[in-house]
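The values are calculated or read from the model by the stated rules, or taken from the named source; none is laboratory data. Being a predicted model, the structure only gives us computed values, none of them experimental. Please note: Cβ atoms are built from the backbone with ideal geometry, for glycine as well, and neighbour counts cover all protein chains shown. Just so you know, the surface numbers come from the protein's heavy atoms only, side chains and all, with ligands and any DNA or RNA stripped out. Shrake-Rupley method; radii C 1.70, N 1.55, O 1.52, S 1.80 Å.
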Amino acid sequence: MSRIDELIAELCPNGVEYKQLGDCCLFYNGDRGKNYPSHADYCDTGVPFINAGDLENGIVNLLNCNNISEEKYNSMGGAKLQYGDVIYCLRGSIGKNGIFLSDRGALASSLVAIRPNKTILGKYVYYLLNSSMELKQRTVKDNGAAQPNLSAHSVKKYIFPIPPLEVQCEIVKILDNFTELTARKKQYEYYRDLLLDFGVHSGATSECEWRTLGDVIVSLNTGLNPRKFFKLNTDDAENYYITIREIRNGKIIPTDKTDRLNDEALCLCNNRSNLEVGDVLFSGTGTIGETAVITEKPTNWNIKEGVYTIKPIQSIILPFFLHYLLQTESIEIAYMKKVAGGTVKSIPMAEMKKLMIPIPSIEEQKRIVSILDRFDKLCNDISEGLPAEIEARRKQYEYYRDKLLTFKLKE
């Protein structure tokens, strides 16, 4: 039983109340009257003047917003923000929202400030407003104005489950952990691409040459198709038949659903793919672009047709350098241009060998791999620390978020 289940069983075994948001929060509308600030009212320093463009990744970004004078701020009513207010867009980017996490005063434009009372957490309100429950209740009006809009009155009528604060805290903790992982991964992908672009901003300490993939590898092979050579899942099959779905996040991870090979079929596959430590696996068919490096001698598995095994000349290019390189946006764009086929897309191996890639010195490759390995470990450490519920559904965040926010209705 998870911590969430324990808390629900203890604190609300008979379900939770569903309430209108207006019963749990105060609402403050952004001022759009005659006294509304114009460009002439903006100043270099003063009170932040927030609009929808200042909501980034669920928080209010105060770094690039406009400012108005204290005098102008004091003359206005409307949505004067306090720490912990949830900001919600009523027009333009309708439904976009974020949390105000500053002790400075601020004024909201074309937005509503939602201020939770003592029965509900601001972060819990934020996650509710990003759930499918919000989307189902949102009613946008097109009254002939320049932009359709949503009324604060209708937002007040949104009905959500309001469990005890302890349950809300645990839900927020789980979802915060997931969003931290997502942000860290985006940061990692940006930094990886920056290190591997070999332009003026890459931080590379040596020059590199560009060569075709075929020039720097021993071979490029693939696995066997079972329809022509062997049968899967026979009674004596104990080895794994690795497909694209078993290659995830740079690792080869068989599951209970992975097909099996007997020893004879395994030998046939290895005669074709010749798997060895240091080979880079690359999914060249269907879901293109998943990669992994073989770090231990394969003894009980081999690969499917459509999974390519790239055998680098390791005196020229390191396996993990190639692994990271194939994940960068620029290289992905290059190899995706070589995709062919109808319903099932693939990259012909002859075309894959023509892919142009940067080859810096081995010393520079080692430096970059060392940096990215450390960064990758940071991401994985966060992932391993997440609750089992989130880890099981990392790629179904929206599904799991909505599941966490759904409760049995109290009779």
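If I filter segment 10-28 for residues that are under 18 Å from residue 122 (Cα atoms) and in a loop (DSSP other than H, G, I, E, B), do I get at least one hit?
Yes: segment 10-28 contains one or more residues that are under 18 Å from residue 122 (Cα atoms) and in a loop (DSSP other than H, G, I, E, B).
Can you pull out every residue in segment 46-83 that is surrounded by fewer than 15 Cβ atoms within 10 Å (Cβ to Cβ) and at positive phi?
Within segment 46-83, 57 is the sole residue that qualifies.
Tell me, yes or no, whether segment 130-151 has at least one residue that is at pLDDT 90 or above and under 22 Å from residue 56 (Cα atoms).
Checking segment 130-151: not a single residue is at pLDDT 90 or above and under 22 Å from residue 56 (Cα atoms).
Give just the number: which of (1) touching a residue at least 12 places away in the same chain (Cβ under 8 Å); (2) over 20 Å from residue 96 (Cα atoms); (3) of a type in the set (A, V, I, L, M) does residue 40 not satisfy?
Result: residue 40 fails condition (1) only.
Any residue in segment 152-171 that is surrounded by 14 or more Cβ atoms within 10 Å (Cβ to Cβ), under 19 Å from the mean Cα position of the chain (by Cα) and at pLDDT 80 or above?
yes
From the list 94, 114, which one is open to solvent by 10 Å² or more (accessible area, probe 1.4 Å), within 27 Å of residue 178 (Cα to Cα) and either within 29 Å of the chain's Cα centre (by Cα) or free of Cβ contacts under 8 Å to residues at least 24 places away in the same chain (or both)?
Numbers: 114 fails: open to solvent by 10 Å² or more (accessible area, probe 1.4 Å).
Every option except 94 fails the conditions.
Report whether or not residue 246 is acidic (Asp, Glu) and open to solvent by less than 10 Å² (accessible area, probe 1.4 Å).
Yes: the conditions hold for residue 246.
Residues to consider are 97, 74, 51, 67; find the one that is out of contact with any helix residue (DSSP H, G or I) (no Cβ under 7 Å at 6 or more places or on another chain) and closer than 14 Å to residue 30 by Cβ.
The conditions single out 51.
Give segment 10-64 a look and list any residue that's charged (D, E, K, R) and farther than 30 Å from residue 178 by Cα, or say none.
Matches in segment 10-64: 31, 32, 34, 41, 44.
For segment 132-146, indicate whether the set of residues that are among the charged types (D, E, K, R) and touching a residue at least 40 places away in the same chain (Cβ under 8 Å) is non-empty.
Scanning segment 132-146 turns up at least one residue that is among the charged types (D, E, K, R) and touching a residue at least 40 places away in the same chain (Cβ under 8 Å).
Would you check if residue 354 is surrounded by fewer than 17 Cβ atoms within 10 Å (Cβ to Cβ) and either free of Cβ contacts under 8 Å to residues at least 40 places away in the same chain or outside any helix (DSSP H, G or I) (or both)?
For residue 354, the condition - surrounded by fewer than 17 Cβ atoms within 10 Å (Cβ to Cβ) and either free of Cβ contacts under 8 Å to residues at least 40 places away in the same chain or outside any helix (DSSP H, G or I) (or both) - is met.
Just one of the numbered conditions (1) open to solvent by 70 Å² or more (accessible area, probe 1.4 Å); (2) without any contact (Cβ under 8 Å) to a residue 60 or more places away in the chain; (3) closer than 20 Å to residue 344 by Cβ is not true of residue 304; which one?
Going through (1) open to solvent by 70 Å² or more (accessible area, probe 1.4 Å); (2) without any contact (Cβ under 8 Å) to a residue 60 or more places away in the chain; (3) closer than 20 Å to residue 344 by Cβ one by one, residue 304 breaks only (2).
Would you mention how many residues in segment 337-351 are of a type in the set (Val, Ile, Thr) and open to solvent by less than 70 Å² (accessible area, probe 1.4 Å)? Don't jump to the end; show me each part of the working.
Start the filter on segment 337-351 by keeping residues that are of a type in the set (Val, Ile, Thr), which leaves 339, 343-344, 347.
So of that shortlist, the ones also open to solvent by less than 70 Å² (accessible area, probe 1.4 Å) come out as 339, 347.
Here the count works out to 2.
In contact with a Lys or Arg (Cβ under 7 Å, 6 or more places away or on another chain), at positive phi and at pLDDT 90 or above: does that describe residue 233?
So residue 233 passes the test.
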